[in-house]
Each structure stands twice: as C-alpha cells, then as structure tokens.
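K.L.:
Submitted below is the structure of interest, expressed as structure tokens.
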Amino acid sequence: MNGETNLVTLLATMQPVLAARPYIFTTLTPDAYHALPFAPLGTFWEAEGVTVIASQEQAIASGLLFENTWACITLTVHSALTAVGFLAAITARLAQAGIPVNPVSAYYHDHLFVPWERRQEAMVILQ
C-alpha cells in the first residue's frame, strides 16, 4: 500500500479531478463542531479553534460563516506521505499564475483547494 515517491512519476501520473461543488473553510469552537449536523469533509484542530472544510451547501444549511468558496482538485495518483517536492512543484506553478492554493494531504491522495472562480484555470495548469 505504499504510495509513489518518485517526483517525475508523480507529476506525470497525477491525473487531477475537479469536484463538482464548491467548498468552504471556517473555524468553530469545539462545542460548535460537535453540534454539527453533518460530517465535514475535513477538520484540523488548532489552539484557536477547529478548522472545518465543508461543502458550501452544508455551510449555508447550517448557518456557518465563511469568506470564500473553494474548488477541490484531487490528484488521483497514490502519493506517498514521504514524497519530496510533489506539492512544492505544483504549488509553485499555481503561484506563478497568481492562484492561491490550500493543499490537504490524505493517506492516498493530495487535494488542492483553489478559489472557486479560478478552478478551470488551475485545471489547465495541472493538466
């Protein structure tokens, strides 16, 4: 179940897939997080609060505050958590185009959150 570590192979086989719906990032207190009526796509616990990644639809339905909407692009290659330079190479290319990116690495894949309105431009760069 080991993921790919070779940078050339990772870049050649990353196969980005764009999710159909927009996502949001917000922060909640631990109590508010535990009261959510849905399971978020992602969470990260920080000293200041719980960061939540959820669909825009879930956020609106639950009354969550958010500032921006984000597109989720999944790089479908099974990248190893120990791979060196993969996200650096990708985020550098997006940065050259002025596209901010919030990467999330999970066990099998890396997921890139880019501004919703720039999703198609990001996909062209990644392909």
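The values are calculated or read from the model by the stated rules, or taken from the named source; none is laboratory data. Computed from a predicted structure; not experimentally measured. Backbone-built Cβ (ideal geometry, glycine too); neighbour counts: all protein chains shown.
K.L.:
Looking only at the stretch 89-104, which residues are in a loop (DSSP other than H, G, I, E, B) and under 12 Å from ILE125 (Cα atoms)?
P.N.:
Across the stretch 89-104, the qualifying residues are ALA97, GLY98, ILE99.
K.L.:
What number of residues in the stretch 16-40 are over 16 Å from GLY63 (Cβ atoms), in contact with a strand residue (DSSP E or B) (Cβ under 7 Å, 6 or more places away or on another chain) and surrounded by fewer than 16 Cβ atoms within 10 Å (Cβ to Cβ)?
P.N.:
Of the residues in the stretch 16-40, 4 are over 16 Å from GLY63 (Cβ atoms), in contact with a strand residue (DSSP E or B) (Cβ under 7 Å, 6 or more places away or on another chain) and surrounded by fewer than 16 Cβ atoms within 10 Å (Cβ to Cβ).
K.L.:
Looking at VAL104, VAL77, which one is aliphatic (A, V, I, L, M), in contact (Cβ under 8 Å) with a residue 12 or more places away in the chain and in contact with a Ser or Thr (Cβ under 7 Å, 6 or more places away or on another chain)?
P.N.:
Only one candidate passes the filter, namely VAL77.
K.L.:
On to the next question. With (1) out of contact with any helix residue (DSSP H, G or I) (no Cβ under 9 Å at 6 or more places or on another chain); (2) surrounded by fewer than 15 Cβ atoms within 10 Å (Cβ to Cβ); (3) of a type in the set (A, V, I, L, M, F, W, C); (4) not assigned by TED's automatic domain parsing to the domain that holds GLU117 as the list, and TRP45 as the residue in question, which single condition is left unmet?
P.N.:
(1)
K.L.:
Would you mind stating whether ALA61 is more than 21 Å from ALA106 (Cα to Cα), surrounded by 14 or more Cβ atoms within 10 Å (Cβ to Cβ) and not assigned by TED's automatic domain parsing to the domain that holds TYR107?
P.N.:
On the way: more than 21 Å from ALA106 (Cα to Cα): yes; surrounded by 14 or more Cβ atoms within 10 Å (Cβ to Cβ): no; not assigned by TED's automatic domain parsing to the domain that holds TYR107: yes.
Considered against the rule, which asks whether it is more than 21 Å from ALA106 (Cα to Cα), surrounded by 14 or more Cβ atoms within 10 Å (Cβ to Cβ) and not assigned by TED's automatic domain parsing to the domain that holds TYR107, ALA61 comes out as no.
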